[in-house]
Amino acid sequence: MGENDFEMLLKMLASPAKVAADVWRRLLAEPSAGQRAQLALWARNVAQSRFGKGVYVRALIEISSWCRNNCNYCGLRCGNRLAQRYRLSREEILECCRQAAVLGFNTFVLQGGEDPLQSDVWLAGVVAAIREEFPAKAITLSVGERTMAGYSLLRSAGADRYLLRHETADAGHYSHLHPANMNLENRLRCLENLKELGYQVGCGMMVGSPGQKVEHLVKDLMLLDRLQPQMIGIGPFIPATGTPFEGEKPGSVDDTLLLISLLRLRFPCALIPATTAMATLCADGTQRAILAGANVVMPNFTPLHCRMKYSIYDNKKSGGSESARGLDLLVKNLDGIGYHVDFSRGDYGGC
Ligand code: SAM
Ligand code: SF4
């Protein structure tokens, strides 16, 4: 693709008009290495014009490695006999929040498998306790598919945001990634319910998941355009031992960076994390994601004795700048690319 064509396609992303499938297709399939670098520069400039050189930090607390689901890609799937299980108590979760608060964090993200023992009622009690102790902090949940009543209870208890990746917008591909009792329709219904309840909502997909084609990514991007999420989480697929996809190859770091940049141009104000999966696949993955337009990092506050057990994929990074103790390293790494940590709540501010 020539330079003029490429720039014309990128400019279409900044327009409020709907982006045609063929525009996404070409942007995904055709850019040269030079064009990818140019795209990253544009995306970085857009992010800087909205957020300066600050990167929001969220304290990630992985509250349970038990899951009733059997997603084919995930090391926590219930069918993985090699998985090590733990669940945090309410007091342990509160203690993680306290540690993060002492360091200046203003958002707690409670993420976990769909653990039947961490019911809506139980979790609402935890959220209410966090809300009472930390009235001004943001509480984000990422605990999978729940009923409208469940989401409503959690929202009333004080949860502000919810992360639920749609994983893939193609129903056939969704069936390839999930067991028969899970479907795209229900996932999308959950996302609509979360929106209706006034959560700031995050969705997104893995890049390079088994069976993923360019056409699926085109559908993903068009779905995101329709849903207009406040947060968009994408990261490369990484195989997990003990799952049906353990022998598959990981997703590409470069393709993930390309997608982060395209998303930044299309959703200038979205909160887009530099994911742990990026940091796992490449040593400077966090910095590269930020230079491609990401603006959030989620250091890990899960208690150390549990952290290795939250093994959603192999060799998941949980030390270095991904851990609380590594905050200094994160500060140094960001400083190395001219950025800094922004400890504010970092709510979605709209455009
Ligand atoms: N259970 C909740 C859910 O599924 O939304 C939250 C926890 S789940 C582990 C969080 C995300 O991890 C999923 O949405 C999925 O995209 C990602 N994930 C799971 N297995 C992965 C893998 N093998 N490689 C990369 N990302 C993975
Ligand atoms: Fe459970 Fe989430 Fe993993 Fe699926 S992706 S098995 S729902 S933890």
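The values are calculated or read from the model by the stated rules, or taken from the named source; none is laboratory data. Keep in mind the model is a prediction, meaning the values are calculated, not measured. All Cβ positions, even for glycine, are placed from backbone atoms using ideal geometry, and neighbour counts span all protein chains on display. Note: areas computed on protein heavy atoms with side chains; ligands, DNA, RNA excluded. Shrake-Rupley method; radii C 1.70, N 1.55, O 1.52, S 1.80 Å.
Within region 253-289, being surrounded by fewer than 24 Cβ atoms within 10 Å (Cβ to Cβ) and charged (D, E, K, R) holds for Asp254, Asp255, Arg266, Asp284, Arg288.
Run down Pro250, Pro229 and say which single residue is free of Cβ contacts under 8 Å to residues at least 60 places away in the same chain, open to solvent by less than 20 Å² (accessible area, probe 1.4 Å) and either touching a Gly at 6+ places or on another chain (Cβ under 9 Å) or within 14 Å of ligand 2 (Cβ to nearest atom) (or both).
On the way: Pro250 fails: open to solvent by less than 20 Å² (accessible area, probe 1.4 Å).
Within the list Pro250, Pro229, the selection yields Pro229.
Here's a check for you: in region 101-121, which residue that is in contact (Cβ under 8 Å) with a residue 24 or more places away in the chain and over 17 Å from Phe301 (Cα atoms) is farthest from ligand 1 (Cβ to nearest atom)?
Here the answer is Val121.
The set of residues from region 333-344 being within 20 Å of the chain's Cα centre (by Cα) and surrounded by 15 or more Cβ atoms within 10 Å (Cβ to Cβ) comprises Leu334, Val341, Asp342. Scanning region 138-189 for residues that are in a helix (DSSP H, G or I), open to solvent by 70 Å² or more (accessible area, probe 1.4 Å) and either near ligand 1 (Cβ under 10 Å from one of its atoms) or at positive phi (or both) yields a count of 0. For region 20-74, filtered to residues that are surrounded by 23 or more Cβ atoms within 10 Å (Cβ to Cβ) and part of a helix (DSSP H, G or I), the residue that is nearest to ligand 2 (Cβ to nearest atom) is Trp24. Listed by first and then second residue, the pairs with beta-carbon distance under 8 Å, at least 6 apart or on different chains, first residue in region 61-83 and within 22 Å of His176 (Cβ to Cβ) and among the hydroxyl-bearing types (Ser, Thr, Tyr), second modelled with pLDDT of 95 or more and more than 9 Å from ligand 1 (Cβ to nearest atom), are Tyr73/Leu177; Tyr73/Pro210. Annotation note: Cβ proximity below 9 Å between a residue of region 131-157 that is acidic (Asp, Glu) and a residue that is within 16 Å of ligand 2 (Cβ to nearest atom) and open to solvent by 30 Å² or more (accessible area, probe 1.4 Å) (sequence gap 6+ or interchain) occurs for Glu145/Asn186; Glu145/Arg189. Please go through region 75-114 and give me each residue that is within 19 Å of Asp328 (Cα to Cα), open to solvent by 20 Å² or more (accessible area, probe 1.4 Å) and of a type in the set (A, V, I, L, M), ordered by number. Ala101, Val102, Leu103, listed by residue number.
Pairing residues of region 193-212 that are closer than 30 Å to Pro239 by Cβ and at pLDDT 95 or above with residues that are of a type in the set (S, T, N, Q) and within 14 Å of ligand 1 (Cβ to nearest atom), at Cβ distances under 6 Å and at least 6 apart in sequence or on separate chains, gives Met205/Thr168; Val207/Thr256; Gly208/Ser252.
The set of residues in region 194-226 being closer than 17 Å to Leu154 by Cβ and either part of a helix (DSSP H, G or I) or open to solvent by 30 Å² or more (accessible area, probe 1.4 Å) (or both) consists of Leu194, Lys195, Glu196, Leu197, Gly198, Gln200.
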